[in-house]
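Scroll down for the structure; my scribbles are underneath it.
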Amino acid sequence: MTPPDILRLDAITKRYGSQSPPAVDQVSLALGQGEILGLLGPSGCGKTTLLRLIAGFEKPDDGTLYLGSQPLTGATWLPPEHRDVGIVFQDYALFPHLTVEKNVGFGLQSRSRRESLPIAEIQRQTAAAIALVGLEGLKHRFPHQLSGGQQQRVALARALAPRPAIILLDEPFSNLDVQVRLHLRQEVRDILHQVGASGVFVTHDQEEALALADRVAVMKQGHLEQIDTPERVYGQPASRFVAEFVTQANFLPARRGPAGWETEVGCFSPAVDTPAVDTSGEQGELAEADLMMRQEDITLAVDEAGAVVVRDRQFLGREYKYCLQTASGRSLYARSPVDPRIAIGSRVQITVPSQRLRLYPQAQG
């Protein structure tokens with residue numbers, strides 16, 4: 001038997017002013033127990049507003065939000081302090097005059113006033129949360145005595161200490177340097193799974209969302225474009241926007257020909273199950289489309305008769321990123337192993353496995 005969802009949003013809409021388009025528009029999704037959901041999208045897409053709606057910092061104009069079977073909106077509106085959620089803010093929001101121990105125990109103190117939680121239990125849960133994030137030896141330090149990564153751990157421990165049903169994280173790693181961010185995001189994922197906590201986190205970083213989330217919800221202008229596993233969002237984008245934003249792929253104008261889809265760099269035959277351009281029935285007669293090629297799927301071969309020229313090359317450690325130029329002046333990008341290295345100015349031929357190619361309706365305008 002499938003356990004009930006811990007969180008459910010039914011057609012949630014939020015507007016700021018009657019003349020403006022909705023910041024969140026008819027968004028419906030569900031979060032399972034122990035699942036981590038990433039809200040991914042560019043600035044202004046509505047992902048932080050959606051998180052604030054879940055937390056209770058904003059009231060929706062339409063739709064219903066449920067925590068378990070309990071509705072949190074409408075006639076049964078619950079303010080943030082009465083919702084069973086923990087929040088990790090982008091800037092950590094630690095109290096500078098309180099030690100690690102007192103920062104972590106702050107939420108438990110508030111809960112104690114509502115539920116008469118014994119002092120001994122507060123101390124036990126505080127110590128357990130501090131140990132969970134590996135800061136046992138630092139409980140008497142103040143925030144200014146900690147590194148950015150340690151402060152983030154304190155913020156996470158404070159959110160986890162009351163054992164909420166859901167943890168909400170707003171751009172949790174954006175203030176950290178690259179190495180700390182990479183280490184801490186794996187640590188946070190491990191901690192949430194270790195305690196069986198459900199989590200929703202906001203990010204504009206595609207790699208972060210794919211690495212940390214069990215499912216990814218991609219947003220655009222208040223709409224939910226696609227929600228699925230990281231593998232399916234990356235491998236089977238539901239729209240051109242998802243393909244562009246998540247995979248950062250190349251798009252080439254293509255015209256249907258007798259041997260396949262013809263482009264200025266060659267003729268290609270994408271897999272027939274591509275959902276974006278149906279190859280059966282009336283839509284199958286579509287004459288023009290945009291062919292998507294992911295950077296890592298492109299194979300380059302030096303050829304004096306090649307259709308593209310290597311304009312630039314960037315060394316990324318494990319691979320090179322090549323900037324290619326077509327005869328029309330269009331730029332394409334490809335990622336290839338460091339061996340062999342292709343010289344700048346070389347002409348190359350492009351090949352891509354047919355199952356990796358996808359078609360999308362051509363962009364308008």
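The values are calculated or read from the model by the stated rules, or taken from the named source; none is laboratory data. Given the structure is predicted, the values throughout are model-derived calculations rather than measurements. Positions of Cβ are generated from backbone atoms using ideal geometry, with glycine treated the same way; all protein chains shown enter the neighbour counts.
Residues of the range 10-31 being surrounded by fewer than 22 Cβ atoms within 10 Å (Cβ to Cβ) and touching a Leu at 6+ places or on another chain (Cβ under 9 Å), which ones? Answer for the range 10-31, where residues must be surrounded by fewer than 22 Cβ atoms within 10 Å (Cβ to Cβ) and touching a Leu at 6+ places or on another chain (Cβ under 9 Å): Asp10, Lys14, Asp25, Gln26, Ser28, Leu29, Ala30.
Residues that are of a type in the set (S, T, N, Q) and not in a loop (DSSP other than H, G, I, E, B) occur in the range 127-145; there is at least one.
Results for (1) at pLDDT below 90; (2) part of a loop (DSSP other than H, G, I, E, B), shown as yes or no for each residue.
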| residue | (1), (2) |
| --- | --- |
| Gly86 | no, no |
| Gln90 | yes, yes |
| Lys102 | no, no |
| Arg113 | yes, no |
| Glu121 | yes, no |
| Arg124 | no, no |
| Gln151 | no, no |
| Arg163 | yes, yes |
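Selection over the range 35-52 of residues that are of a type in the set (D, E, K, R), closer than 24 Å to Ser18 by Cβ and touching a residue at least 12 places away in the same chain (Cβ under 8 Å) gives a count of 1. Considering every residue within the range 136-155, establish whether at least one is in contact (Cβ under 8 Å) with a residue 12 or more places away in the chain, among the aliphatic types (A, V, I, L, M), touching a Gly at 6+ places or on another chain (Cβ under 9 Å) and in the same structural domain as Ser43 (by TED's automatic domain parsing). No, because not a single residue in the range 136-155 is in contact (Cβ under 8 Å) with a residue 12 or more places away in the chain, among the aliphatic types (A, V, I, L, M), touching a Gly at 6+ places or on another chain (Cβ under 9 Å) and in the same structural domain as Ser43 (by TED's automatic domain parsing). Residue selection: Ala55 fails the criterion of being on the phi > 0 side of the Ramachandran plot, touching a residue at least 60 places away in the same chain (Cβ under 8 Å) and not β-branched (Val, Ile, Thr). Just one of (1) modelled with pLDDT under 90; (2) under 29 Å from the mean Cα position of the chain (by Cα); (3) crowded, with 16+ Cβ neighbours inside 10 Å; (4) part of a loop (DSSP other than H, G, I, E, B) fails for Leu117. It is (2).
Candidates Gly222, Gly235: the one that is farther than 17 Å from Asp25 by Cβ and of a type in the set (Gly, Ala, Ser) is Gly235.
Residues considered: Ala305, Ala334, Ala289, Ala301. Of these, the only one that is among the hydrophobic types (A, V, I, L, M, F, W, C) and in a loop (DSSP other than H, G, I, E, B) is Ala305. For the range 247-261, the candidate set comprises residues that are touching a strand residue (DSSP E or B) at 6+ places or on another chain (Cβ under 9 Å) and surrounded by fewer than 18 Cβ atoms within 10 Å (Cβ to Cβ); within that set, the residue that is modelled with the lowest pLDDT is Gln248. Would you check if there is a residue in the range 88-105 being assigned by TED's automatic domain parsing to the domain that holds Gln26, over 29 Å from the mean Cα position of the chain (by Cα) and of a type in the set (Lys, Arg)? Yes - at least one qualifying residue is present in the range 88-105.
From the list Gln362, Gln314, the one residue that fits, being under 33 Å from the mean Cα position of the chain (by Cα) and not in a strand (DSSP E or B), is Gln362. Restrict the check to the range 237-246 and report whether at least one residue is small (Gly, Ala, Ser), over 24 Å from Pro164 (Cα atoms), free of Cβ contacts under 8 Å to residues at least 40 places away in the same chain and in contact with a Pro (Cβ under 9 Å, 6 or more places away or on another chain). Yes. For the range 67-91, the candidate set comprises residues that are under 19 Å from Gln33 (Cβ atoms) and free of Cβ contacts under 8 Å to residues at least 60 places away in the same chain; within that set, the residue that is surrounded by the fewest Cβ atoms within 10 Å (Cβ to Cβ) is Gln70. Going by what's in this entry, would Thr99 be described as crowded, with 18+ Cβ neighbours inside 10 Å and among the hydroxyl-bearing types (Ser, Thr, Tyr)? Judged against the criteria, Thr99 is not a match. Candidates Arg181, Arg153: the one that is of a type outside the set (A, V, I, L, M) and either surrounded by 23 or more Cβ atoms within 10 Å (Cβ to Cβ) or closer than 24 Å to Val27 by Cβ (or both) is Arg153.
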